[in-house]
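Written below as structure tokens is the structure these notes are about.
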Amino acid sequence: MRKIFVLSTFICFATICACQKQDSAAEAQLAQRKAELDTREKALDEREKALVEREKALANSRIIPSRQQARNPAEVEAEREKRLQQLPPEVRALIPNREQMNSARLAKERDPALRAIPRLGAGRLVRPGSA
């Protein structure tokens with residue numbers, strides 16, 4: 001009887017020792033995973049900060065054009081003309097001025113032959129005289 005008791009005590013002790021070894025291995029693995037996660041988290045924080053800074057920079061760059069839209073139209077036209085004057089003559093010749101565009105549009109509206117060309121509208125052909 002005493003042998004059985006000693007044997008069962010020894011088996012229990014061996015089992016407990018084996019479990020503790022597994023626990024320490026699991027703890028070491030857990031510590032390693034935690035270190036990896038901390039590293040990933042730091043990298044993610046850095047990416048997030050960089051993204052926030054980039055969004056702020058984009059927002060600031062978008063604010064500047066909106067200020068330009070609030071300017072006087074004559075001022076905008078003068079700046080446009082100034083930029084056009086800086087272009088080489090070959091490129092400037094390719095850009096039609098507003099008077100040419102307006103006169104061409106008016107001529108197109110007045111010319112009955114050009115108005116007879118069918119236009120697409122709301123999924124059907126629209127011809128002059130049939131509204």
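Residues checked against (1) modelled with pLDDT of 60 or more; (2) outside any helix (DSSP H, G or I); (3) among the polar types (S, T, N, Q):
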site: LEU58; (1), (2), (3): yes, no, no
site: SER61; (1), (2), (3): yes, no, yes
site: PRO65; (1), (2), (3): no, no, no
site: GLN68; (1), (2), (3): no, no, yes
site: GLU81; (1), (2), (3): yes, no, no
site: LEU120; (1), (2), (3): no, yes, no
site: GLY129; (1), (2), (3): no, yes, no
Practice item. Kindly list, by first and then second residue, each pair from a residue in segment 89-116 that is closer than 21 Å to GLU77 by Cβ to a residue that is modelled with pLDDT under 75 and hydrophobic (A, V, I, L, M, F, W, C), limited to pairs with Cβ atoms under 7 Å and residues at least 6 apart or on different chains. Key: none
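The values are calculated or read from the model by the stated rules, or taken from the named source; none is laboratory data. Bear in mind that the values here come from a model prediction, so they are computed numbers and not experimental data. Glycine gets a Cβ as well: all are built from the backbone with ideal geometry, and neighbour counts include every protein chain shown.
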